[in-house]
Structure formats: structure tokens, C-alpha cells
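Here is the structure we will look at.
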Amino acid sequence: MKSFKVDLPTFDDKIDYQIPTKCGIYFLGDVHINPITNEIFYWVKVGKSKNLANRMKMYNCHSTMIWRIDFWSVDEDDLTEIEEDLQKALIKYALAKHSHNDEWYLVNRETYLAMCKQGLEFLCEDD
């Protein structure tokens, strides 16, 4: 198959794609709109990776605009414990979990925007 060049402008989504190659925790957001009802859904996820940059490249293939809320560099020995603690904190704000996986959580708009502004620190407020 021949490849072809598309002569269209490149859309600047204002997402920072400069991700550390370190081991750490990531905090992602994804907003979707039901095209029939115009209902807006605010989804968030906390995860871990031994190489944050490589993990984010995987997300680039699956979604056009995953919002990178925050990243923490974490020692590999502490990775699982910190991820679990942050996920427990995240669940306190969740309205629902995704029907197809246990990693993405629905939150309301105000919570989503506060999370985007404060990053992972948002989940540490009660500590």
C-alpha cells in the first residue's frame, strides 16, 4: 500500500507531550461527550509505570487527547504501594467506575477541573 501525505494543518491540542522517562505514577484525564444527548463525562485514572514516557506513547495510540494531569517520579520499590494509596483516594471522589475496566473513574466537572489544576496533590489533601 502506498502512503500518502495529507495536506492539512496540525491541530495543537495544548497537551504537554514531554514526559519523564523515569519510573513513576501518572494521573490522566479524558473527557467524552455523548453525541446524541450532549452529556459530558469526566474520566480520571491513576496508574504506574517503570517508564512513564513509554507508557504515555501507548496511550497516544488509543486516544487522540488523553490529558496528562500529573506525573510523579517514584522509586520502583514504592511504586505499587503509592499507586494503590492514590487509587484509594481517587475512589472517594468517583461517581462510578467504567463499565469495561476497573481503572477509569467518573467524576463531576468541578472535581475534574480541581484535579487538573492541583494534580496528584489533590488526592493527598486528606492525608
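Of note:
- Filtered by the rule that a residue be modelled with pLDDT of 80 or more and either in a strand (DSSP E or B) or among the polar types (S, T, N, Q) (or both), the stretch 1-17 gives a lone residue, Thr10.
- Only one of the numbered conditions (1) within 13 Å of the chain's Cα centre (by Cα); (2) surrounded by 14 or more Cβ atoms within 10 Å (Cβ to Cβ); (3) farther than 12 Å from Phe27 by Cβ is violated by Gly119, and that is (3).
- Looking only at residues of the stretch 28-66 that are farther than 18 Å from Arg109 by Cα and among the small types (Gly, Ala, Ser), we find that the one that is surrounded by the most Cβ atoms within 10 Å (Cβ to Cβ) is Ser49.
- Enumerated helices (runs of 4 or more DSSP H) restricted to the stretch 37-127, each holding at least 1 residues that are within 21 Å of Tyr17 (Cβ to Cβ) and modelled with pLDDT of 95 or more: 109-118
- Within the stretch 10-24, residues that are among the β-branched types (Val, Ile, Thr) sit with their Cβ atoms under 7 Å from residues that are in a loop (DSSP other than H, G, I, E, B), at 6+ positions apart or across chains, in these pairs: Ile15/Met65; Thr21/Asn51.
- Criterion applied to Ile69, Ile25, Ile15 was being surrounded by fewer than 18 Cβ atoms within 10 Å (Cβ to Cβ) and out of contact with any Pro (no Cβ under 7 Å at 6 or more places or on another chain), and the one residue passing it is Ile15.
The values are calculated or read from the model by the stated rules, or taken from the named source; none is laboratory data. Since the model is a prediction, treat every value here as computed from it, not as a measurement. Here Cβ is always computed from backbone atoms with ideal geometry, including for glycine, and neighbour counts include all displayed protein chains.
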